[in-house]
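Read through the structure below, which is laid out as structure tokens, and then see the notes.
The values are calculated or read from the model by the stated rules, or taken from the named source; none is laboratory data. The structure displayed is predicted, hence computed values, not measured ones. We place every Cβ from the backbone using ideal geometry, glycine too, and count neighbours over all the protein chains shown. Areas reflect the complete protein model, heavy atoms only, side chains present, ligands, DNA and RNA absent. Shrake-Rupley method; radii C 1.70, N 1.55, O 1.52, S 1.80 Å.
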Protein chains: 2
Amino acid sequence: MTSDVEFWFDFSSPYAYFAAMTVESRLARYNRPVVWRPFLLGAAFKVTGMSPLSQTPLRGDYAKRDWERLAKILGLPFRLPQQHPYRSQATARSYYWIEQHDPTVAISFAKAAFRAHFERNVDLQITENVLDVARPFLAGPAELKELVAWLYSEGAKEKLRSVTSDALSRCVFGSPFFLVDGEPFWGWDRLPLLERWLETGEWRPDFGGPPAMVRTQ
Amino acid sequence: MTSDVEFWFDFSSPYAYFAAMTVESRLARYNRPVVWRPFLLGAAFKVTGMSPLSQTPLRGDYAKRDWERLAKILGLPFRLPQQHPYRSQATARSYYWIEQHDPTVAISFAKAAFRAHFERNVDLQITENVLDVARPFLAGPAELKELVAWLYSEGAKEKLRSVTSDALSRCVFGSPFFLVDGEPFWGWDRLPLLERWLETGEWRPDFGGPPAMVRTQ
């Protein structure tokens with residue numbers, strides 16, 4: 001019995017941006033559905049006692065440097081927004097509204113939201129800006145109106161709260177975080193290990209050399 | 001101008017154990033000296049506000065599972081000691097005493113200390129146990145006596161204090177942590193990125209496919 005690949009993330013996380021931009025091409029050959037699951041990382045921080053990376057002494061400086069070099073390596077535009085991290089409620093709520101109608105379109109919206117924020121530094125705490133990102137993925141003004149109504153509804157709040165509590169109950173405490181067949185993978189740099197799992201479905205010693213995840217060519 | 005590869009770690013860190021057991025074979029082909037630098041991670045935690053992994057909710061459970069699977073993949077014996085992390089002062093002080101006499105022997109001692117603790121769960125907070133690990137690397141009873149004197153000396157305390165403050169002043173806040181040519185690499189899973197650096201000495205976009213660090217074959 002194999003499960004979907006669950007891709008958990010907070011829209012404000014740079015490492016999640018790198019994962020979002022690359023995960024589809026990376027995992028394409030495994031033919032496993034990838035379910036995108038935005039949640040609120042702040043809730044996990046309350047449990048683990050951690051703080052946002054860019055606000056942590058030493059680790060923050062390291063992370064900023066790390067994001068720059070990963071962007072270079074991946075050939076992705078990246079500019080850290082002045083306000084980081086941002087409160088991603090409106091983005092995540094929009095995601096789930098679009099997902100109810102079409103999960104594939106929701107993923108396109110998610111990627112557009114990541115790009116808007118990390119390439120062009122669009123402030124997605126402003127609902128109007130989130131709607132601008134969403135507009136191309138909506139059928140027309142009627143859907144836009146529905147989305148606006150949803151964003152301010154108790155239902156949207158409740159949806160995001162329940163998704164986030166689902167994340168915590170399954171020990172998802174970081175972003176990005178992948179779950180597949182009950183196996184957890186935390187961080188962008190664990191994609192190689194996730195791929196190894198998708199290939200083999202078990203952990204075997206690899207005496208033939210460095211493990212696949214760390215082979216350089 | 002290229003620098004040595006500095007390998008910073010705390011003897012009580014499981015990820016450092018994995019790095020210590022593999023770093024020499026992984027980096028052999030780059031012909032760059034690797035300098036081992038044990039320090040006290042607790043001092044860095046005070047600055048970053050972090051706590052030992054195994055004592056952090058959610059992250060602790062993840063780490064324990066992660067160590068198990070990495071040990072399997074690397075084909076290394078691994079058993080998490082009941083008391084974790086341990087205070088690694090005596091181990092690190094012994095390391096620096098042996099290093100003054102012979103850096104190569106010190107590295108052999110370091111690997112033996114990691115193995116004693118993570119394979120056989122030897123309690124290295126007990127100085128007598130550290131001496132047992134050190135004995136095969138000493139010339140005889142005279143050297144053993146000198147080492148014992150050093151362990152309790154003000155000089156040993158000062159040496160470890162100054163190494164640890166050197167680590168912090170250079171933003172080394174985790175274990176393992178690598179520094180080369182001023183470029184920082186945090187974590188066992190960043191060895192592939194370190195290797196890429198040693199190969200190219202710069203960060204270039206890699207449009208030809210997934211970056212080398214994440215290639216699976």
Hits in region B:1-16 (condition: buried (at least 23 other Cβ atoms within 10 Å of the Cβ) and away from every other protein chain (no Cβ under 14 Å)): B:7, B:9, B:10, B:11, B:12, B:13, B:14, B:16
Residue A:171 meets each of (1) more than 24 Å from residue A:45 (Cβ to Cβ); (2) modelled with pLDDT under 95; (3) open to solvent by 40 Å² or more (accessible area, probe 1.4 Å) with one exception, condition (1)
Those residues that are open to solvent by less than 40 Å² (accessible area, probe 1.4 Å) and either modelled with pLDDT under 90 or more than 13 Å from residue A:107 (Cβ to Cβ) (or both), I need them from region A:17-39; list them, please. A:17, A:18, A:22, A:26, A:30, A:39
Go over the candidates A:110, A:71 one by one and state the one that is within 30 Å of residue B:177 (Cα to Cα) and within 20 Å of the chain's Cα centre (by Cα). A:71
Residue tally, condition touching a Pro at 6+ places or on another chain (Cβ under 7 Å) and within 27 Å of residue B:165 (Cα to Cα), over region A:66-101: 1
Checking residue A:190 against (1) among the charged types (D, E, K, R); (2) open to solvent by less than 20 Å² (accessible area, probe 1.4 Å); (3) over 30 Å from residue B:65 (Cα atoms), which single condition isn't satisfied? (3)
Residues being aliphatic (A, V, I, L, M) and touching a Phe, Trp or Tyr at 6+ places or on another chain (Cβ under 6 Å): count how many of those fall in region B:24-57. 2
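Have a look at B:61, B:132, B:123 and point out the one that is open to solvent by 50 Å² or more (accessible area, probe 1.4 Å) and part of a loop (DSSP other than H, G, I, E, B).
B:123 is the lone residue from the list that is open to solvent by 50 Å² or more (accessible area, probe 1.4 Å) and part of a loop (DSSP other than H, G, I, E, B).
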Looking at residue B:50 and the list (1) under 17 Å from the mean Cα position of the chain (by Cα); (2) surrounded by 21 or more Cβ atoms within 10 Å (Cβ to Cβ), which single condition is not satisfied? (1)
Find all pairs meeting these conditions: Cβ atoms under 7 angstrom apart; at least six residues apart or on different chains; first residue within region A:132-148 and under 16 Å from residue A:92 (Cβ atoms); second residue hydroxyl-bearing (Ser, Thr, Tyr) and open to solvent by 60 Å² or more (accessible area, probe 1.4 Å). none
Looking at B:83, B:55, which is the one that is open to solvent by 30 Å² or more (accessible area, probe 1.4 Å), touching a residue at least 40 places away in the same chain (Cβ under 8 Å) and either farther than 26 Å from residue A:195 by Cα or polar (S, T, N, Q) (or both)? B:83
Residue count, region A:12-53 (criterion: within 30 Å of residue B:55 (Cβ to Cβ) and either assigned to a loop (DSSP other than H, G, I, E, B) or β-branched (Val, Ile, Thr) (or both)): 10
Show the residue pairs that are 6+ apart or on different chains and have beta-carbon atoms under 6 Å apart, the first residue being within region A:175-186 and in contact (Cβ under 8 Å) with a residue 40 or more places away in the chain, the second being of a type in the set (D, E, K, R) and crowded, with 21+ Cβ neighbours inside 10 Å. A:175/A:10
Members of region A:64-80 that are in contact with a Leu (Cβ under 9 Å, 6 or more places away or on another chain) and outside any helix (DSSP H, G or I): A:76, A:78
Qualifying position, being open to solvent by 40 Å² or more (accessible area, probe 1.4 Å) and aliphatic (A, V, I, L, M), among B:156, B:112, B:116, B:142: B:142
Would you tally the residues in region A:86-109 being open to solvent by 40 Å² or more (accessible area, probe 1.4 Å), touching a helix residue (DSSP H, G or I) at 6+ places or on another chain (Cβ under 7 Å) and not aliphatic (A, V, I, L, M)? 3
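One line per residue, one yes/no per condition, for (1) facing chain A (nearest Cβ under 10 Å); (2) under 15 Å from the mean Cα position of the chain (by Cα); (3) not in a helix (DSSP H, G or I); (4) not β-branched (Val, Ile, Thr):
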position: B:158; (1), (2), (3), (4): no, no, no, yes
position: B:162; (1), (2), (3), (4): no, no, no, yes
position: B:166; (1), (2), (3), (4): no, no, no, yes
position: B:171; (1), (2), (3), (4): yes, no, yes, yes
position: B:184; (1), (2), (3), (4): yes, yes, yes, yes
position: B:193; (1), (2), (3), (4): yes, no, no, yes
position: B:196; (1), (2), (3), (4): yes, no, no, yes
position: B:204; (1), (2), (3), (4): yes, no, yes, yes
Restricting attention to region A:33-50, report how many residues are touching a strand residue (DSSP E or B) at 6+ places or on another chain (Cβ under 7 Å), within 14 Å of another protein chain (Cβ to nearest Cβ) and farther than 16 Å from residue A:89 by Cβ. 0
